[in-house]
Amino acid sequence: MRSTGMGRPTPAGRGRPFAAVAAVAALTALATVCGCTAQPTDGDGGHRSPVHISVTGTTPGTPGASRTPAGSDDKAEPGRASPSVAPAVLWAPGDTGRDVRELQARLRQVAWLFDGPTGTYDDLTEEAVKGFQGKRGLPRTGETDAVTWQRLRAMTHEPGRWELYLMGGQPAAAPDPRCLTGRVLCVSKSSRTLRWMIDGRTVSTMSVRFGSQYTPTREGVFNVYWKSRHHVSTLYDSPMPYAMFFSGGQAVHYSYDFAARGYAGASHGCVNVRDEAAVAALFAQVRNGDKVVVSW
């Protein structure tokens, strides 16, 4: 034992009680001022933080960009519950692209849409979405939100390539090497497209369809040998406007049936075009003797 010089002896090495209390009080005050006090935990050692719940959709392949409501804020006010967040809007009127095609193809599968797919979220698509939503007790917004998309996906299958491009609009395949010189109608069966090319440059591209397995469109290199603006088939008694003949009775021409039914039908061997304005412009430019290349 040693004397402190102030009365009662204190065990060696114990320090001064009053000084220790004062030091602890000072440190506590400093920690409070600095915001370093311990926070309540959620039971696993982590700090609690406001929870923000949102519903988002997922799609196979490449989904469209999700949208969040304007003015949304993911910070909860202290002492108040976080507001509920509406499902994110994936696609809405005016949107375009491959994902809109998939939406339209799936709506066709459940008989809510009968036109397209076009790849453009038009008024017909909006009405189809409203009908689908109303049938299932969802808000009839006409916009495809995450909940609507998930319900539609659960009822349908992944559309195949030709379901997505039933009415045309698919990307054109790379041109056949035989198309790279001169004036050429370059027809690709694999992508179902026709390129009008001059000296290797693509002037225009359009969707086309071909003959069935019983009346196939011939492949090879040909030349346009006759043009007939108001032609009518003598064999099938069917109109063939803007006909450009290249192999026997086979021609590139406009098809009313293709315009109405898309790839649900087939030609009798001709190369059908569904865009009348496009084939009219093509007919005005093509000359007798221009090359025609039909390849797979």
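Where a number appears in this text, it was derived from the coordinates with a stated rule and is not lab data. Note that this is a predicted model, so its numbers are computed, not measured.
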Item to check | Difference of contour (0.36 nm per residue) and Cα-Cα distance, TRP296 to THR141 | outcome: 51.4 nm
Checklist entry - Hey, what do the phi angles of the stretch 266-276 turn into as Karplus ³J(HN,Hα) couplings, whole Hz, using 6.51/-1.76/1.60 and θ = phi - 60°, x for Gly and Pro? => result 7, 8, 9, x, 6, 9, 7, 10, 9, 9, 5
Checklist entry - Where does the Debye-calculated log10 I(q)/I(0) of the stretch 89-164 sit at q = 0.19, 0.20 Å⁻¹, using only Cα point scatterers of equal weight, no solvent? => result -0.66, -0.74
Checklist entry - Assuming a viscosity of 0.692 mPa s and a temperature of 37 °C, what translational diffusion coefficient in µm² per second does Stokes-Einstein assign to the stretch 177-295, Rh being the Kirkwood radius over Cα pairs? => result 236 µm²/s
